[in-house]
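Colleague: Can you keep this structure in mind? I'll have questions shortly.
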Amino acid sequence: MADVKTYLREWAMPHVLCPGCAHGIVMRGFLAAIDQLQLDQDKVAVVAGIGCSSRIVGYIDFCTLHGTHGRAPAFASGLKLARPDLHVMVITGDGDGLAIGGNHLIHAARRNIDITVMLLNNSIYGMTGGQAAPTTPEGAVASTTPAGNTEPNFDACKLMIGAGASFVARVLAANPIEMSKVIADGVRHPGFSFIEIISDCPEYYGRYNKVGGGADMLTWMARRDAGVAVPLSEKKFVEHVPSSAVPLGMTTGVLERDIRPVFTGVRRQEPL
Amino acid sequence: MSEGTRGLLLSGVGGQGVILASMIVADALLGAGFDVKQSEVHGMAQRGGSVFSHIRWGEDVDSPLVPKGSAEVLAAFEWAEAIRWVEYVREGGAVVADVRTIVPPGACNDRRSWTARYPGIDVDLFNDRELKTRLIDAAATATELGNVRAANSVLLGSVAAFLDIDMAHWESAIERLVPRGTVEINLAAFRAGREFPQARVPRPPLAPEGFSGPHEIDINHVWCKGCDICSRVCPEYCLAVDVDGKLNIIDPEACTGCRLCELLCPDFAIEIHPPRSPVAVSDANTAGGGT
Ligand SMILES: Cc1ncc(C[n+]2csc(CCOP(=O)(O)OP(=O)(O)O)c2C)c(N)n1
Ligand code: SF4
Ligand code: SF4
Ligand code: SF4
Ligand SMILES: [Mg+2]
């Protein structure tokens, strides 16, 4: 296996993300997945919207497009229809993909177009200063919900299953080996693949909710998991668990995998 | 411009508390009975951009903007910001600058030399224009007092040393504006900054370390942000981040090559290479065999 830095625009590094921001871990995990798949770098097209998560496309050495806020699935759909030979992927955030861009996302899923969407969920709008997102859990503090969020949050995976996505998975940035494997599975899957990657934002979410810095947030994330993932390093992870954070149980792993006709712009009976 | 109006500039990078500091200055000036106008730019602060604030005070102030070459004092919360704004200071004016360097990502991407394109400290820049200077390691002073976050009050204290405003106004502004529970430490930091000995030699900016070549644990100090993730997840306690935010290898012998640090580093800044002369596979297989 090659060094993940083969796929990195090293001249653009270091990246702009804050110290300890898990989006950087996800970027690495994504590159490791591409490396596992041994795809031709020039045949990989990655589209992003706007947000800290979406900034990732500035640093990865594929065909990349940093589009407009929330519209990455729309750009990606157009690209896949015009260039079916490309592996088209989307990197989006929870604000980008589920708030302003929720509509584009559900319709791409409904069509079962063959793209892979990675949604980096840090439960907050990181880039603009920690405002509440549709994913902010009830009770959590954001800059717009200083006394705690009073609204319920989306379960992005349930939303995508409901909208018709044929591959739906949830993974944790704190578990990078599983993350890369599931991303690779999603890319291989024919049809619309949605992978919610639980990331974090130490700068806003961590600070406002007193979870702590990057390392504390990873611990906390591993603790939130009610599914298959296991904390990576028992010894240190456990010893630093901050007490104030209320873990929110969630299931990880592949939650939906279905083979159904793929949208290519023309009617087809068989999957590609 | 009305006669007798004076100006002050504060500048820094996002997250340093420049805006709060400028509110404190404005509040102290108001308390001293001046007319005060203040204006700030805090655009891309969250992404490491520069933040600055203009303050003007006098009998009757028309505009908050400090014209070039007229500022009484420049308070720079970061070294490059001092250089960026020094032209705004009047001949014989004062510069209070933190010698900390916060290298913006765009300035440290030379991958051949692994060095940052970042200005070094050149005191002539100030001496040529006969500026009074105080170059301070405010973070170190604040850390000594017990909280690094009070660094901006250390700088403010130094600013106060150049302005003829009664201490009571400064102190009441600080009491009013800093977050509750931090008043004591900020007042202490303010006093320390005010009494800062002029002769204290500043620490030169830390030059990013050269790329150290193939080690078993290979740290790229230019990319590392000192977030502490690797050191906290390492099961063998091989790594530690020091007070300057620099990652050090404290126990190279203990590394088992598990690569947790590498997989969880958000900045691609640590790599683990296998030992240079690995045990031959056949030897490893036969050694201690016999189940
Ligand atoms: C049309 C439009 N509206 C609003 C914005 C401001 N904006 C930029 S990023 C962002 C939220 C991003 O949140 P998320 O997708 O969760 O990304 P994160 O930074 O958390 O990774 C918003 C609202 C914008 N850039 N464009
Ligand atoms: S603001 Fe939050 S999401 Fe954005 S780079 Fe910083 S830590 Fe990451
Ligand atoms: S490879 Fe494992 S043991 Fe070695 S420094 Fe990294 S985390 Fe520690
Ligand atoms: S995880 Fe990476 S960025 Fe953070 S301290 Fe370690 S090497 Fe530096
Ligand atoms: Mg977000």
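Colleague: Could you check the simple spin-label distance between B:D35 and A:R188, using points 7 Å along Cα→Cβ, in nm with one decimal?
Modeller: Spacing of the two 7 Å Cα→Cβ label points: 7.5 nm.
Colleague: Another question, if that's okay. Which residues among the range A:40-57 fall inside the zone where the amide N is under 18 Å from a point 7 Å beyond the Cα of A:S143, along Cα→Cβ?
Modeller: So the set is A:50-55.
Colleague: Here's another thing I want to ask about it. Separation between the A:A2 and A:K158 pseudo-spin-labels, each 7 Å from Cα along Cα→Cβ, expressed in nm?
Modeller: 4.2 nm
Colleague: Shape call for the range A:110-202 from the C-alpha gyration tensor, a ≥ b ≥ c root eigenvalues: rounded (a/c under 1.5), prolate (a/b greater than b/c) or oblate?
Modeller: prolate
Colleague: Sticking with this structure for a sec: Keeping every protein chain in place, order A:H104, A:H189 by accessible area at 1.4 Å, biggest value first, i.e. largest first.
Modeller: Correct descending sequence by accessible area is A:H104, A:H189.
Colleague: Tell me, what is the percent relative contact order of chain A, built from C-alpha pairs under 8 Å that lie six or more residues apart?
Modeller: Here the relative contact order equals 18 percent.
Colleague: Give a quick list of trypsin sites (Lys or Arg not before Pro) in the range A:1-69 that DSSP marks as loop, anything other than H, G, I, E or B, with at most 13 other Cβ atoms within 10 Å.
Modeller: Loop-located and lightly packed - none at all.
Colleague: Continuing with the same structure: In cubic angstrom, how much convex hull volume per residue do the alpha carbon atoms of the range A:22-221 span?
Modeller: Residue-normalised Cα hull volume stands at 96 Å³.
Colleague: Averaged over peptide B:230-240, how many Cβ atoms belonging to another chain are found within 10 Å of each residue's Cβ?
Modeller: Mean partner-chain Cβ count within 10 Å for B:230-240: 4.
Colleague: Per-residue accessible area for A:T144 at 1.4 Å probe radius, Å² rounded to 10?
Modeller: 80 Å²
Colleague: Another question, if that's okay. What's the average, rounded to a whole number, of partner chain beta-carbon atoms within 10 Å of each residue's beta-carbon in A:173-180?
Modeller: Counting other chains' Cβ atoms within 10 Å and averaging over A:173-180 gives 2.
Colleague: Give the interface area between chains A and B as buried accessible surface, both sides summed, probe 1.4 Å, in Å² to the nearest 100.
Modeller: 3200 Å²
Colleague: So what does A:D155 come to for accessible area, using a 1.4 Å probe and Å² rounded to 10?
Modeller: Around 50 Å² of this residue is reachable by solvent.
Colleague: How much area per residue is accessible in chain A when the probe is 1.4 Å and only protein heavy atoms are counted (Å²)?
Modeller: Using a 1.4 Å probe on heavy atoms only, each residue of chain A averages 38 Å².
Colleague: Assuming R0 = 60 Å, can you tell me the calculated FRET efficiency for the pair B:D164 and A:M250, based on Cβ-Cβ distance, to the nearest 0.05?
Modeller: So, using R0 = 60 Å, E works out to roughly 0.50.
Colleague: Right, here's the next one. B:K246: which lysines have alpha carbons under 25 Å from its alpha carbon, excluding same-chain residues fewer than 8 sequence positions away?
Modeller: Partners found: A:K5, A:K210, A:K235, A:K236, B:K225.
Colleague: For a test of the definition: using alpha carbon positions, the gyration tensor, and the 1.5 limit on a/c, classify the range A:1-71 as rounded, prolate or oblate.
Modeller: Because a/c hits 1.5 or more and a/b fails to exceed b/c, the range A:1-71 counts as oblate.
Colleague: Okay, moving on. Please identify the trypsin sites (Lys or Arg not before Pro) of the range B:147-188 that satisfy two criteria: DSSP loop assignment and at most 16 other Cβ atoms within 10 Å. Which are they?
Modeller: The qualifying sites are B:R180.
Colleague: Still on this structure, please answer the following. In whole angstrom, how far apart do the alpha carbon centroids of the range B:16-33 and the range A:106-123 sit?
Modeller: Centre-to-centre distance over Cα atoms comes out at 48 Å.
Colleague: How far apart, in nanometres, would the label points at B:D242 and B:E130 be if each is projected 7 angstrom from Cα along the Cα-to-Cβ direction?
Modeller: Each label point lies 7 Å from its Cα, and together they span 4.2 nm.
Colleague: Using DSSP, restrict attention to beta bridges with both residues in the range A:22-221 and report what percent are antiparallel, rounded to the nearest 5.
Modeller: Counting only bridges with both partners in the range A:22-221, antiparallel ones make up about 5 percent.
The values are calculated or read from the model by the stated rules, or taken from the named source; none is laboratory data. Just so it is clear, the model here is predicted, and its values are computed rather than measured. All Cβ positions, even for glycine, are placed from backbone atoms using ideal geometry, and neighbour counts span all protein chains on display. Ligands, DNA and RNA are excluded from the accessible area calculation, which covers all protein heavy atoms including side chains. Shrake-Rupley method; radii C 1.70, N 1.55, O 1.52, S 1.80 Å.
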